[in-house]
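Input: a single structure, listed below in structure tokens.
The values are calculated or read from the model by the stated rules, or taken from the named source; none is laboratory data. Computed from a prediction, not measured in an experiment: that's the story for all the values here. Cβ placement follows ideal geometry from the backbone for every residue including glycine, while neighbour counts extend to all protein chains displayed.
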Amino acid sequence: MSNYSFWFVVGSQFLYGPDVLDTVAARASEMAEELSKVLPYPLIYKVTAKTNAEIADVVREANYDKTCAGIITWCHTFSPSKMWINGLANLQKPYCHFATQYNREIPNEEIDMDFMNLNQAAHGDREHGFIAARLRMPRKVIAGYWQDAEVQQRIASWMKAAIGVAVSKEMKVMRFGDNMREVAVTEGDKVEVQIKLGWQVNTWAVGDLVKEMNAVTEQDIDKLVTVYEDHYDIATDNIEAIRYQAREEIAMRRMMDREGCKAFTNTFQDLYGMKQLPGLASQHLMAEGYGYGGEGDWKVSAMTAILKAMGENGNGASAFMEDYTYHLVKGSEYSLGAHMLEVCPSVAADRPRIETHHLGIGMNEEDPARLVFEGKAGKGIVCSLIDMGGRLRLIVQDIEAVKPIMPMPNLPVARVMWRAMPDLLTGVECWITAGGAHHTVLSYDVTAEQMHDWATMMDIEFVHISKDTTPEKLEEELFLKDLAWKLK
Ligand code: MN
């Protein structure tokens, strides 16, 4: 992540003379430098653009520079927007229009016509906004004073969504085996997803993984077990099961790193030659930033990796999740989320324990080791990407996670408990109406606004279920969006 930067492109024109242009350039450079101190990625001042050619050049450069994750534009002065058309029409990177102003206050005694000509963002940013609207460009508009913390926070948040775009475009998913038989929602058009989101989703034989596992040495395993001991409490006498998971993790990681994959799937229905479904192995890989999807769910796997990359420090608190069962006591309604084994410890409230238990489902010859913990309390979201046939729909629901209201001592897996918005049952009705899957990415540090920004940049449908959603409004929204996306 540390390689990415954003480019600051400032609009102007020759009308004002060289002194004004020098001032604009000096201030833009100062602003980029100051903002870079507080933003998660550097903002690099590139140009004060005054001609069609300058804008076309900087866009061409941005498109081809792998480290450029997006451009942020601003018009210190007026900048006639016909000269932006050729450049913007070719822009392939995320685009944010920052409507700000160098000065916070109107200087009562000093203000004259020279001041007005130099400081006319109120005027220039409107001309700039028109042309992007006219071009129907996906973009983020952020208005506010550049030194205000809330405004800087919004730019930071958009930057992370743009990083999600960069990560998406390079995403490679390694599938071990196919999807679980007969399941619908985990299916999808892999060609369409590659065209739209950039994902390369391909399959590898479980037999290749077993071969790789056999090549892992006891010394390699010793080293990884030490890492497990540093991060987790060992709450089992079955050390061999832990060592077996380490063998699986090392083998999967080697195969993924060799192919440049950042996400993977497997299925309990196809473990030929393996003695345990990877539990601890998948969980620790997720903690390291890899995406995972159970039952061959490659869409949720890639999304998990992308949300992780959008989160804090490029590896945030986002986890592959599954809605398992409900608590329907009136006034205390909750979803209980978990998975067979594979819940990411980035969402744990406390230090996870490694346990081994029997797993009846699937082809396990031995009891798989897994991490068991409670999820932390806090606001968050769950997201599901579904294939509607001809287009993708991203559904995001706001949630409030709580400390699980009971200890559930016989539940042998990690668990997260939450209330969906607007309330559990209305939230469930809305989710089901929209077609959301049982698998989701649950995140504590990526927001619905960021996912909206991401969906806009990826040009896919976005549905947000929030505290203000009603089933009636949602049905109408889905009906209208269905029509609009068929025309698009
Ligand atoms: Mn599942």
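With respect to V151, determine if the residue is farther than 22 Å from M321 by Cα and surrounded by 14 or more Cβ atoms within 10 Å (Cβ to Cβ). So V151 fits the description; yes. So Q153 clears everything in (1) away from the ligand (no atom under 16 Å from the Cβ); (2) at positive phi except one condition, right? Which one? For Q153, the exception is condition (2). Exactly one residue among M286, M256, M303, M321 is more than 16 Å from the ligand (Cβ to nearest atom) and either at pLDDT 95 or above or surrounded by 23 or more Cβ atoms within 10 Å (Cβ to Cβ) (or both), and that residue is M256.
Keeping to the range 434-456, report how many residues are under 10 Å from the mean Cα position of the chain (by Cα) and within 16 Å of the ligand (Cβ to nearest atom). Result for the range 434-456: 1. Screening N119 with (1) crowded, with 17+ Cβ neighbours inside 10 Å; (2) within 20 Å of F6 (Cβ to Cβ) gives one miss only, at (2).
When restricted to residues that are more than 12 Å from the ligand (Cβ to nearest atom) and surrounded by 24 or more Cβ atoms within 10 Å (Cβ to Cβ), the range 289-300 contains 4. Within the range 446-453, at least one residue is over 16 Å from R139 (Cβ atoms) and surrounded by fewer than 23 Cβ atoms within 10 Å (Cβ to Cβ). Return yes or no: is T433 surrounded by 18 or more Cβ atoms within 10 Å (Cβ to Cβ) and either outside any strand (DSSP E or B) or modelled with pLDDT of 95 or more (or both)? For T433, the condition - surrounded by 18 or more Cβ atoms within 10 Å (Cβ to Cβ) and either outside any strand (DSSP E or B) or modelled with pLDDT of 95 or more (or both) - is not met. Screening S332 on (1) surrounded by 19 or more Cβ atoms within 10 Å (Cβ to Cβ); (2) more than 25 Å from the chain's Cα centre (by Cα); (3) more than 16 Å from the ligand (Cβ to nearest atom); (4) not β-branched (V, I, T) shows it passes everything except condition (1). Would you pick out the residues in the range 139-178 that are touching a residue at least 24 places away in the same chain (Cβ under 8 Å) and among the polar types (S, T, N, Q)? Hits for the range 139-178 are Q147, Q152, S157, S168.
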